[in-house]
Amino acid sequence: MNFEQMEYIVNVANEMSITKAADNLFISPSGMSQSIRQLEKELGIKIFNRSKAGVTLTFEGKIVISKASKLLSTIKELNKELYDYKSGYQSHLKILTAPTFFYILDETLVQFNSKNEDVTFELVEENPTDILKNINKENFDFALIPASEEELKKEKNIRYEHIYKGHICIAVGKKSPFYSFDYVSPSDLVDSKLVVYNKSDYKPIKKISIQNLNKALIKSNRINILFELVKDSQAICYIHDFTVKDSPMVINGDIKIIPLKEENYFSVDFWLIYLETRGLTKVAEEFYNDFLKNFKNRT
């Protein structure tokens, strides 16, 4: 019995379905079924009873699944311990983040560093689509991302924890005709000039707005430039509700954050994600807990 076969049978036992288990592991049901039959032949037992209604465990199967589950858990723990051993306590944190979290991360980094001077940091800012592509490829400790749970379920080898349910807003200055509004609808924004932050993910906005995001007044990776333009013009900038809540421009009223709404607000879920095979190291968990406190203070 190899690792792959153990993973197959444990998933099938959890789902009580070969099809669902195969979907979870991104393989074909026929390939999984063939591998399990081969394992049953090698062991000389039947692990599953198969019927049109699904699969159930045999008596022998329950014994095998119990042992396989423990072995898989032990292997994952071993991988984590080996990683922690190689990196010591871990003196370097590498974090992948969507732009919307950058201000809170920066604040948390300063606070955390004052208590842990030996820890160094690397913050890499990407749009959510690239985060999901790169979290498995590079050596990141964790990532912070706006996404739907359906998107995250499609990804292999990640765990995720829900942080917050927010909503999409616009940022406007006092010269904007929307400054006095409590909320705006997508149809209100048809002729508005846009300023666009390059690394943001505008897929959700494209679904709800008929605006052409390619015709933006300016695109930049410098949010301060975009906000200065918003402050001094009628341009709008799409943003999440908490991103710049504590910005001096927002606090003094030069810029107003207005929710996008039709019958309801346009909601967005925000998540912590990390590799299942690696988990969170002690220092990563400590940093994330500090980040979460700062985040809750803002929202």
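No lab work stands behind these numbers, since they all come straight from the coordinates. Every value quoted in this text rests on a predicted model; they were computed, and no experiment measured them. Here Cβ is always computed from backbone atoms with ideal geometry, including for glycine, and neighbour counts include all displayed protein chains.
Suppose a student asked you for the relative contact order of segment 1-124, using Cα pairs under 8 Å spaced at least 6 residues apart; what percent would you report?
Numbers: 95 pairs, mean separation 25.1, N = 124.
Reported relative contact order: 20 percent.
Using only the alpha-carbon atoms, how far is helix 102-115 inclined from the longest principal axis of the chain? Give it as 0 to 90 degrees, nearest 10.
On a 0 to 90 degree scale, this one is about 70.
So if I take the alpha carbon set of the chain, get Rg, then get Rh from the Kirkwood formula, what is the Rg over Rh ratio? Mind dumping the intermediate values first?
Values: Rg = 24.1 Å, Rh = 22.2 Å.
Reported Rg/Rh, Kirkwood definition of Rh: 1.08.
What is the calculated FRET efficiency for Ser73 to Asp106, with r their C-beta to C-beta distance and R₀ = 25 Å, to the nearest 0.05? Don't jump to the answer; show the numbers that get you there.
Values: r = 37 Å, r/R0 = 1.47.
Calculated transfer efficiency: 0.10.
Pairs of Cα atoms under 8 Å, at least six residues apart: use those to get the relative contact order of the chain, whole percent. Could the numbers behind the result be given before it?
Details: 451 pairs, mean separation 66.1, N = 299.
Value for the chain: 22 percent.
With both bridge residues required to lie in the chain, what share of the DSSP beta bridges run antiparallel, to the nearest 5%? Each step should come with its number before you reach the end.
Numbers: 27 of 41 bridges.
Percentage antiparallel, nearest 5: 65.
Over 26 Å between Cα atoms: which of Lys20/Lys62; Lys137/Lys219; Lys20/Lys52; Lys20/Lys76; Lys52/Lys156; Lys156/Lys203 fall into that group? Numbers along the way, then the final one.
Working: Lys20/Lys62 19 Å; Lys137/Lys219 28 Å; Lys20/Lys52 14 Å; Lys20/Lys76 23 Å; Lys52/Lys156 28 Å; Lys156/Lys203 22 Å.
Result: Lys137/Lys219; Lys52/Lys156 exceed 26 Å.
Identify all lysines with a Cα-Cα distance to Lys293 below 18 Å; exclude those on the same chain that are fewer than 8 residues away in sequence.
Of all the lysines, those that pass the test against Lys293 - Cα under 18 Å, at least 8 places apart if same chain - are Lys115, Lys165, Lys245, Lys282.
Within 10 Å of each residue's Cβ, count the other Cβ atoms and sort Leu82, Leu96 from fewest upward. Don't skip to the end; give the middle numbers.
On the way: Leu82 10, Leu96 23.
Least crowded to most crowded, the residues run Leu82, Leu96.
Find which of Val10, Ile36, Thr58 sits farthest along the positive direction of the dipole of segment 1-66, computed with +1 on the beta-carbon of Lys and Arg, -1 on that of Asp and Glu, about the Cα centre.
Thr58
Given 0.36 nm per residue, what is the gain on full extension from Tyr265 to Lys215 after removing their alpha carbon distance, in nm? It would help to have the intermediate numbers written out before the result.
Details: separation 50, 0.36 × 50 = 18.00 nm, distance 2.51 nm.
So the extension gain works out to 15.5 nm.
For the chain, take the longest principal axis of its alpha carbons; what is the angle in degrees between that and the long axis of helix 29-43, to the nearest 10 within 0 to 90?
Between the helix axis and the principal axis of the chain, the angle is about 30 degrees.
Mind checking which aspartates and glutamates have their Cα closer than 18 Å to the Cα of Lys67? Skip sequence neighbours fewer than 8 apart in that chain.
Glu4, Glu7, Glu15, Glu40, Glu42, Glu77
May I ask which residue of Phe242, Asn139, Asn264 lies farthest towards the positive end of the charge dipole of the chain, with charges of +1 (Lys, Arg) and -1 (Asp, Glu) on Cβ and the Cα centre as origin?
Going by the Cα projections, it comes out as Asn264.
If the chain between Lys293 and Phe121 were fully stretched, how many nm would it gain, using 0.36 nm times the residue separation less the Cα-Cα distance? Please report the intermediate quantities before stating the final value.
Details: separation 172, 0.36 × 172 = 61.92 nm, distance 1.90 nm.
Gain on extension, Lys293 to Phe121, equals 60.0 nm.
Compute the angle between helix 3-15 and the longest alpha-carbon principal axis of the chain, please, reported from 0 to 90 degrees and rounded to the nearest 10.
Roughly 80 degrees between the two axes.
Taking the Cα centre of the chain as the origin, how large is its charge dipole in debye, to the nearest 20, when only Lys and Arg (+1) and Asp and Glu (-1) carry charge on their Cβ atoms? Intermediate results must be reported in sequence, preceding the final value.
On the way: 40 positive and 41 negative charges, 146 e Å.
The dipole of the chain has a size of about 700 debye.
Taking the highest mean first, how do the peptides 36-45, 102-111, 266-275 order by number of other beta carbon atoms within 10 angstrom per residue?
Working: 36-45: 13.9, 102-111: 16.7, 266-275: 19.0.
Ranked from most to least packed, the peptides come out as 266-275, 102-111, 36-45.
Determine the gain in length on full extension of the stretch Phe3-Lys199; use 0.36 nm per residue of separation and subtract their C-alpha separation, reporting nm with one decimal. Mind dumping the intermediate values first?
Details: separation 196, 0.36 × 196 = 70.56 nm, distance 3.86 nm.
Here the segment from Phe3 to Lys199 would lengthen by 66.7 nm.
For Lys174, list the aspartates and glutamates whose Cα falls under 15 Å from its own Cα; do not include residues on the same chain fewer than 8 positions away.
Reachable aspartates and glutamates: Asp182, Glu228, Asp232, Asp254.
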